[in-house]
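The values are calculated or read from the model by the stated rules, or taken from the named source; none is laboratory data. Remember, it's a predicted structure, so these values are computed and weren't measured experimentally. Cβ: placed from backbone, ideal geometry, glycine included. Neighbour counts: every protein chain shown. Just so you know, the surface numbers come from the protein's heavy atoms only, side chains and all, with ligands and any DNA or RNA stripped out. Shrake-Rupley method; radii C 1.70, N 1.55, O 1.52, S 1.80 Å.
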Amino acid sequence: MHDLSRGGARGTTRPPSRKRPYVDFARPSISEDEIRAVTDCLRSGWLTTGPVAHRFETDFATYMGGLDSVAVNSATAGLHLALACADVGPGDAVLTTTYTFTATAEVARYVGAELVLVDIDPATMNMDVGQTVSILESRPDVAAVIPVHFAGQPCDMDPIAAAARNRDAVVIEDAAHALPARYRGRLVGTLGDFGVFSFYATKPLATGEGGMVTTSAESDAARLRLLGRHGIEADAFARYAGSGPSWYYEVVEAGFKYNLMDPVAAIGIEQLKRIDGFQRRREEIADRYHAAFAGLPLRTPYVEDGTDLHAWHLYVIQLDLADLAIDRDAFIVELDRRGVGTSVHFIPLHVHPYWRDRYGFKPEEFPSAMSVYECAVSLPIYPDMSDGDVEHVIEAVTDVCEHAT
Ligand SMILES: *Cc1c(COP(=O)(O)O)cnc(C)c1O
């Protein structure tokens, strides 16, 4: 399946002469259990948010060590709710990395806040910690920081969270890539004030569309639920239950409609049972790639000391362009000819017309992001890849390198 809305695959079409067999860039792992869970749910007659979504939330909360978990219909919705819950708005700025999907940044604009970007550490492709800390220390308008755990590797959260705490800035982890990554013994999603997960079709836990927001503060969870459900106060019904009409409710804020429907949550419950196995298979594939690519003119992903568990949502190689006769774009065409689907993560935000023009960003303001972007290729890595698929990718990458040096 092509990752249509993410990275460089957008708008591209495959040439008609695609070689078979073709290893797709991404594919969800859907077993008979997910299929049965959805049909059971459809047969129950309950289509929208109900008992199954509630069960998904409690299962997820248990997985996260008891952290309150609120199901939403996308990570974008979740990021928006977290900012709204923290009362980030006009006059405030939101700090994140240029090396992410636009959803991480656009939520700042949803609440009327401005965007501040930092460059990346070219080794991990995560936000540059030194720049992040210095902006938190020098810009009082920065009310929230959104670290993105790129590819499933946790950001170095301790210094970021400490700098944010000193300033009373809220920390929202964009953990869209990162279930079930661990940083210094702790699961991502438990490291900031809010954690936001995506269940988009290509993500580590895939329901098609969907997401989850985790938070350690009980009052925040209640407010997330309220805001995600049209600002309708559930307690109003409870107050009247038994004594008053069952149709009664009260709207206390202009909220949003961000609820996750039961048949989608049913997929999520089954996927959550399998997530540890998914991660192990992804890691196995990553290890196979590391070993096979060791002598080639490219850099394999760098894993930091603080990364106790990498989610391996993406496997991003960086080509040594000086040692290759072709550029990244041609490399991708050559892989496609050899039956391998790829993508590029990410086109940095600051080169997209909207962000570039609104803030007057220049490419050279983010040199590490630009140099990584020029040479980055995301290879297929997902649990349903067979050993043969993995070998096929390795042979194709090796062959392209040999013919291009
Ligand atoms: C996929 C993604 C999102 C958005 O997730 P949705 O569930 O599609 O809204 C946000 N941030 C990053 C880094 C992503 O890759």
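Here are some notes:
- From helices alone, the chain scores -12000 deg cm²/dmol at 222 nm; the rule is -39500 (n - 2.57) for each run of n ≥ 4 DSSP H residues, then divide by the residue total.
- The alpha-carbon of residue 273 sits under 20 angstrom from the alpha-carbons of these aspartates and glutamates, leaving out residues fewer than 8 places away in its chain: 32, 33, 34, 40, 57, 59, 68, 209, 262, 283, 284, 384.
- Each peptide in 21-32, 53-64, 259-270 was scored by the mean count of other Cβ atoms within 10 Å over its residues; highest first, the order is 259-270, 53-64, 21-32.
- Hydrodynamic radius (Kirkwood) for the stretch 189-297, which is based on Cα pairs only, to one decimal in Å: 17.3
- Rolling a 1.4 Å probe over the protein heavy atoms of the chain, with every protein chain left in place, gives an accessible area that is 52 percent carbon and sulfur.
- Each Lys and Arg adds +1 at its Cβ and each Asp and Glu adds -1 at its Cβ; summed about the Cα centre, the stretch 275-361 shows a dipole of about 280 debye.
- Note on the chain: dipole from Cβ charges, positive end direction compared against 73, 154, 97; the farthest Cα belongs to 73.
- Residue 365-residue 294 FRET efficiency (beta carbon distance; Förster radius 25 Å; 0.05 resolution): 0.15
- Put a dot 7 Å past the Cα of residue 55, heading toward its Cβ, do the same for residue 351, and the two dots end up 4.7 nm apart.
- Accessible surface computed residue by residue for the chain, with neighbouring protein chains in place and a 1.4 Å probe, gives 42 Å² per residue.
- Residue 358 sits among other residues whose Cβ lies under 13 Å from its own Cβ, and their net charge, with Lys and Arg +1 and Asp and Glu -1, is -1.
- Three-way shape label, the chain, alpha-carbon gyration tensor, a/c 1.5: oblate
- Helix 32-44 vs. the chain, principal-axis angle (Cα, 0 to 90°, nearest 10): 30
- For the stretch 260-377, with +1 on Lys and Arg beta carbons and -1 on Asp and Glu, the positive-most of 306, 333, 366 along the dipole: 333
- Dipole magnitude (debye, nearest 20) for the chain, charges at Cβ of Lys, Arg, Asp, Glu: 900
- The angle between the Cα long axis of helix 157-167 and the main principal axis of the chain comes to about 50°, on a 0 to 90 degree scale.
- When +1 charges are put on Lys and Arg Cβ atoms and -1 charges on Asp and Glu Cβ atoms, the dipole computed for the stretch 36-110 relative to its Cα centre reaches about 300 debye.
- Residues considered: 45, 277, 208. Largest GNM mean-square fluctuation over the chain, using C-alpha springs under 10 Å, is found at 45.
- Helix 218-227 vs. the chain, principal-axis angle (Cα, 0 to 90°, nearest 10): 90
- Alpha carbon centroid spacing (whole Å) that separates the stretch 119-189 from the stretch 270-337: 22
- Extension gain, residue 168 back to residue 32 (0.36 nm per residue minus Cα-Cα distance, nm): 44.3 nm
- Protection proxy ranking for 313-320, 390-397, 79-86, using the average of other Cβ atoms within 10 Å per residue and placing the highest first: 79-86, 313-320, 390-397.
- Selection from 132, 248, 175 lying farthest towards where the dipole of the chain points positive, charges on Cβ: 248
- Once the Cα-Cα distance is subtracted from the 0.36 nm per residue extended length, the residue 399 to residue 39 segment shows a gain of 125.1 nm.
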